[in-house]
1. Take Asp18 and Ala171, extend 7 Å from each Cα along the Cα→Cβ direction, and tell me the distance between the two endpoints in nm.
2. Counting Lys and Arg as +1 and Asp and Glu as -1, what is the net charge of the other residues whose Cβ lies under 15 Å from the Cβ of Lys185?
Amino acid sequence: MNIGDIGRILDQYADRQDDVNGSEDDFDQVTQHAPASAVSQGVAEAFRADQTPPFPNMLGQMFGRADSGTQASILNQLIAAAGPAILAGALGRGGGAGMGGLGGILGGLLGGGSGFGQGQVPQVTPDQASRIPPEVVEDLAREAQQRDPSVVDRVSDFAAQNPMLVKGLGAVAIGIALKHLAGQKRGGFF
């Protein structure tokens with residue numbers, strides 16, 4: 001596949017208004033050739049679009065379909081974006097059993113509070129991440145987005161490096177990302 005073929009694929013999405021559904025095959029082919037920054041912007045568009053569920057729901061869905069290593073990366077992105085405040089909020093809400101064990105996991109990461117507030121950002125391991133339900137990730141994403149709306153862009157950067165995650169969000173999200181990429185191509189950005 002050459003750049004002309006990619007251009008023809010993107011041209012199919014450029015002027016779509018109502019039917020923004022995209023093909024996983026098209027997304028695969030385009031993401032192999034498009035700059036990661038353009039793919040990231042397309043994913044961010046999909047996360048923010050009115051045609052897709054809210055960002056926290058989409059991230060929970062993405063988390064639920066990911067392997068434990070990717071789940072840990074998603075959680076670590078949220079923690080990095082929102083900082084210790086999100087951890088304090090989860091612990092302050094009694095995040096033990098009621099938050100799918102998140103409070104216990106985060107409390108363990110914080111060493112019972114040691115390191116918390118000392119500039120250390122704990123990292124969730126794949127084993128720990130595998131024990132957290134997607135609904136809890138949705139709650140964390142909602143809180144992280146309220147504290148720092150740029151978390152959508154950070155998660156989009158991560159997702160752009162892992163196109164399989166984006167494909168799990170469905171045809172509408174893929175189509176919105178491809179439509180954005182088509183606009184980038186027309187604008188001469190790649």
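Nothing in this text is a laboratory measurement; each read-out follows from the coordinates by a stated rule. All values derive from a computational prediction rather than experimental measurement. All Cβ positions, even for glycine, are placed from backbone atoms using ideal geometry, and neighbour counts span all protein chains on display.
1. It is 1.5 nm.
2. Working: positive: Arg8, Arg16, Lys179, Arg186; negative: Asp5, Asp11, Asp15, Asp26, Glu45.
After counting each charged neighbour, the total is -1.
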